[in-house]
Amino acid sequence: MATVQVSEAEKVYILHGIRDDLRVDGRGCEDYRHMEIETDVVSNTDGSAKVTLGHTAVLVGIKAEIGKPRPMFPGEGYLEFFVDCSANATPEFEGRGGEELGTELSNTLYKVFNNKNSVNLKSLCILKGEHCWVLYVDVLLLQCDGNLYDAISIAIKAALFNTKIPKVHISSDEEGSKEIELSDDPYDCMRLNVENVPCIVTLCKVGHRHVVDATLQEKACSVASLVMAVTQKGTVTCLRKVGGGSLDPESVFEMTETGKRVGKALHAPLMSLLQQEEKLGKSRQKVGFLG
């Protein structure tokens, strides 16, 4: 994870501000930084999104390919995750510096998103035990200024909302073998229901309080963080502690309640924004570096 050096005087300033619910950039303890979301930014994917959260920027592309179902789940498709930590994001990712973080992020994303409570994996099945859709989710970290989990999860949800999977037509020949034909019509496609897809909320324990969407400076003052996946109904689907410090049971309870409240409030405006952008169609103005 990218880190910054913070002096003792800066730590005291940050700690005192958080204690009084006034952070360095003027936010309260439960406020996110300014967020920008743009979908359909990469042309050669089935779904894509770019999210900028403060100075953290993430690009997600999803490619749907036909594969073989997993032996344990013959009637379901599945998702595969790959996270690339670009050396442009921070010098610490140069060479193989970002591989360990990329693997850690991929494993967490797999636990959060690749289950039947998140995405309807049965809808990705084509022929039970033979063919299914595999969604390859590629995440590229463009800029890193803290709170990677939250930015990535929002980008993945937006990219899944934008994903268009071609309709499949199955026919049988005289010998009884099945043949798969994909529709050539770009409008004849299947869309995923992303209402139950969770968003990740990361809470950092700083002093005696905890903050949402911590910057790198605040992260440097934190002893430990709680990463939790929260659905639109406020249900926690995944929970893990990050960092070398410890959290007492009372702090874990308080942070969990805050995470559920913040996560639940995040979904409605996100879905509303994605639906508004969808209605604009080709008339929408593309703004990011890929516009």
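In plain terms, the C-alpha convex hull of region 40-96 casts an average shadow of 6.2 nm² when viewed from every direction. In nanometres, what is the gap between the two model label sites at Val242 and Ser43, each 7 Å from Cα along Cα-to-Cβ? In this crude spin-label approximation the distance works out to 3.5 nm. Of Cys125, Cys199, the order by accessible heavy-atom surface (1.4 Å probe, DNA, RNA and ligands excluded), from most exposed downward, is Cys125, Cys199.
Note on Lys122: accessible area is roughly 140 Å² with a 1.4 Å probe, heavy atoms of protein only. On the beta carbon distance between Ser123 and Thr235, with R0 = 22 Å, the FRET formula returns roughly 0.60.
Pairs exceeding 24 Å between alpha-carbon atoms, taken from Lys63/Lys157; Lys111/Lys241; Lys164/Lys241: Lys164/Lys241.
Under 11 Å from a label point set 7 Å out along the Cα-to-Cβ vector of Tyr136, the amide N atoms of region 68-83 belong to 80-82. With the whole protein complex present, Thr90 retains an accessible surface near 20 Å², based on a 1.4 Å probe. Exceedance of the 27 Å cut-off in Cα-Cα distance is limited, within the set Lys11/Lys233; Lys122/Lys233; Lys122/Lys205, to Lys11/Lys233; Lys122/Lys205. Phi angles of region 202-208 translate, via the Karplus equation with coefficients 6.51, -1.76, 1.60 and θ = phi - 60°, into HN-Hα couplings of 9, 10, 9, 7, 10, x, 9 Hz per residue; Gly and Pro are given as x. Counting heavy atoms of the protein chains alone, Phe82 has an accessible area of about 120 Å² for a 1.4 Å probe.
Can you tell me what the convex hull of the Cα atoms of the chain projects to on average, as an area in nm²? Intermediate values should be presented prior to the final figure.
Working: hull surface 68.6 nm².
Its average projected convex-hull area is 17.2 nm².
With a 1.4 Å probe and all protein chains kept in place, how do Arg27, Arg191, Arg70, Arg19 rank by accessible area, largest first? Let's see the in-between values first.
Values: Arg27 20, Arg191 90, Arg70 50, Arg19 140 Å².
Of Arg27, Arg191, Arg70, Arg19, the descending order of accessible area is Arg19, Arg191, Arg70, Arg27.
Compute the acute angle (0 to 90°) between the alpha-carbon long axis of helix 249-280 and the principal axis of greatest extent of the alpha-carbon atoms of the chain; round to the nearest 10°. So the inclination is approximately 50 degrees.
Kirkwood hydrodynamic radius computed over region 83-209 comes to 17.4 Å, based on all pairs of distinct alpha carbons. Its alpha carbons give region 94-161 an Rg and a Dmax of 14.4, 44 Å.
Given a 1.4 Å probe and heavy atoms of the protein chains only, how would you sort Glu36, Glu104, Glu250, largest accessible area at the top?
Details: Glu36 100, Glu104 60, Glu250 120 Å².
From most accessible down to least: Glu250, Glu36, Glu104.
When the inverse distances between all different Cα atoms of region 1-79 are averaged and flipped, the Kirkwood radius reads 16.9 angstrom. On a 0 to 90° scale, report how tilted helix 8-19 is relative to the longest principal axis of the chain, with both axes built from alpha carbons and the result rounded to the nearest 10. Once rounded, one gets 70 degrees. Adding -39500 (n - 2.57) for every DSSP H run of four residues or longer, then dividing by how many residues the chain holds, sets the calculated 222 nm ellipticity at -9000 deg cm²/dmol.
When restricted to Cα atoms, region 142-291 yields an Rg and a Dmax of 20.8, 72 Å, respectively.
Quote the FRET efficiency, to the nearest 0.05, computed for Glu250 versus Glu195 with a Förster distance R0 of 22 Å and r equal to the Cβ-Cβ distance.
Details: r = 33 Å, r/R0 = 1.50.
For R0 = 22 Å, the calculated efficiency reads 0.10.
In region 147-194, inverting the average of 1/r over every pair of distinct C-alpha atoms gives 13.2 Å as the Kirkwood radius.
The values are calculated or read from the model by the stated rules, or taken from the named source; none is laboratory data. Here the structure is a predicted model, which is why all the values come from computation and not from measurement. Methodologically, a virtual Cβ is constructed for each residue, glycine included, from the backbone with ideal geometry; neighbour enumeration extends over all protein chains shown. Heavy atoms of the whole protein, side chains included, go into the accessibility calculation; ligands, DNA and RNA do not. Shrake-Rupley method; radii C 1.70, N 1.55, O 1.52, S 1.80 Å.
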